[in-house]
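The values are calculated or read from the model by the stated rules, or taken from the named source; none is laboratory data. Computed from a predicted model, the values in this text were never measured in an experiment. Backbone-built Cβ (ideal geometry, glycine too); neighbour counts: all protein chains shown.
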Amino acid sequence: MSSNTTSLAHLTNVVQARDKKLGLNLSAKQAVAVPNNLRSEYIIIPSVSLAQFGSYFIFDVKERNTIVSDIIIGFNVNAISGLSGVNAGFPHFVPATFWIQKCELVMNNVTVDTLYPIQEFISQQFLFSDEDRVLINNMQGSYASTTQRNSLATATSNYYIKLRSLFNECHLPLLSDSHNLQIRVYMEQLSNIVVTTGLTGTAASSINSANVILKLMKLPAEIATNRYNAMIKSPEHSIFHNVRYSPFNINSGVSQTTLVLTPFVGNIICLFFVVRNTNALTGNGAFAFTAIKDFAILDSTSANCVGGQPIPSALALQYLNSFNCKSSYSAETSIGANLAGTVTNTNANVYCWSFSSNLSEALQHGLLLGHRKFLGNEQLQISFTGSLAANVQVDVFAYCQSTLEQGANYVKVYAL
């Protein structure tokens, strides 16, 4: 059928629907609208305490009658000073995600989730298409470009960190004082996040301001009141995926290790891990991950529960990650190449095993799409490419199916 015929068929089969507010006879597709007083907005809220490197500060979100769906943290930071010498691309900051040791999301004095830099960085690369993650990386200082980060660091610049949290999954309402959101930010020392290769002196910089930017929807008073009254009668429940994180230290001289996953209990939908040299956890080493030979996840009886055999590194990075990673990030390794045949090795050796039928959909929409029940005695068995020449740290994190219960005057979280 020609395109003209197709267009004609479409035009002759339009379903009309009367829009009573506008008094127009519209197609059914166009006769859809939100209430006039339902507004999508962005709110910028400054920190209530001084933001400094190596310190702790907070944001208080006291917006009412809103639904929050996205959170980013913004910093305005002075140029790096106190250094001398010449070396192209230096000095520079690491991507701003790694400026934070951890970030706690607290509602009504209940910590509903804790976010970590490794987990946030990997989610930024895995859960967004290349078009989106280019913007996400550029606004925090691109991990793939020391030149771009040097340009930002040699002038007063703005940096933005996009947080992936339960608010992206649940779009939570803030309707009363009991729904107050506090964001607690724990910052790294400046010396851990400035790279000065080839330069001399002591780096200095300071934060001029810190803001949290919320993407939200303002509810009309009658809708907010009705929803709040409904919470009095029966609390709302929202499914999300709580972050579980634990680092493990491995001494040099071994070619294999078995880690008991004691901190991971509950309905786990996926397990991520990366390997980094213990002496390179800061600076650009923070996001340079070491390749392994293979891995396996064992149950309490030491039976393999990821296919029956160890998973080779190439299979994990090039095949399994194609189901779990929405971008080309996982190809940025020594064995990867783009369509032009160019190898761009950013040491993106991130290993993931998913127990979900669709990991990105589960994490994007808070869907129950499969899990494995972890009891805390499971094991992660890793074989390295050879005997370790130096100590390494294995950072393991997982997403656990959880529920946030939101009553009119309380909030609580529990694992499913």
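Quick notes on this one:
- Subset of segment 353-410 [closer than 27 Å to G285 by Cβ and of a type in the set (V, I, T)]: I382, T385, V392, V394, V396
- Across segment 177-205, the number of residues qualifying as in contact with a strand residue (DSSP E or B) (Cβ under 7 Å, 6 or more places away or on another chain) and either outside the structural domain of F90 (by TED's automatic domain parsing) or among the charged types (D, E, K, R) (or both) comes to 2.
- Cβ pairs under 7 Å, 6+ apart, first in segment 103-129 and outside the structural domain of Y414 (by TED's automatic domain parsing), second among the β-branched types (V, I, T) and assigned to a loop (DSSP other than H, G, I, E, B): I122/V350
- Only one of the listed residues (N168, N192) is under 27 Å from I44 (Cβ atoms) and under 23 Å from the mean Cα position of the chain (by Cα). That residue is N168.
- Filter result for A291 (in a helix (DSSP H, G or I) and either in the same structural domain as C103 (by TED's automatic domain parsing) or under 25 Å from the mean Cα position of the chain (by Cα) (or both)): no
- Scanning segment 244-254 turns up no residue that is assigned by TED's automatic domain parsing to the domain that holds E169, more than 28 Å from L363 (Cα to Cα) and out of contact with any strand residue (DSSP E or B) (no Cβ under 8 Å at 6 or more places or on another chain).
- The number of residues in segment 255-270 that are touching a Cys at 6+ places or on another chain (Cβ under 9 Å) and either more than 23 Å from S402 (Cβ to Cβ) or in a loop (DSSP other than H, G, I, E, B) (or both) comes to 1.
- Residue within segment 276-293 that is farther than 21 Å from S387 by Cβ and in contact with an Asp or Glu (Cβ under 6 Å, 6 or more places away or on another chain) present: no
- Selection over segment 316-357 of residues that are polar (S, T, N, Q), touching a residue at least 12 places away in the same chain (Cβ under 8 Å) and surrounded by fewer than 22 Cβ atoms within 10 Å (Cβ to Cβ) gives a count of 11.
- Exactly one residue among S246, S252 is touching a Pro at 6+ places or on another chain (Cβ under 7 Å) and not in a helix (DSSP H, G or I), and that residue is S246.
- Residue in segment 90-107 that is of a type in the set (D, E, K, R), touching a strand residue (DSSP E or B) at 6+ places or on another chain (Cβ under 9 Å) and in a strand (DSSP E or B) present: yes
- Elements of type strands (runs of 3 or more DSSP E) in segment 310-405, at least 3 residues being more than 30 Å from S145 (Cα to Cα), among the small types (G, A, S) and outside the structural domain of F289 (by TED's automatic domain parsing): none
- I136 vs. criteria part of a helix (DSSP H, G or I), touching a helix residue (DSSP H, G or I) at 6+ places or on another chain (Cβ under 6 Å) and aliphatic (A, V, I, L, M): yes
- Taking the numbered list (1) over 17 Å from the mean Cα position of the chain (by Cα); (2) over 21 Å from T333 (Cα atoms) in turn, F384 passes all entries but (2).
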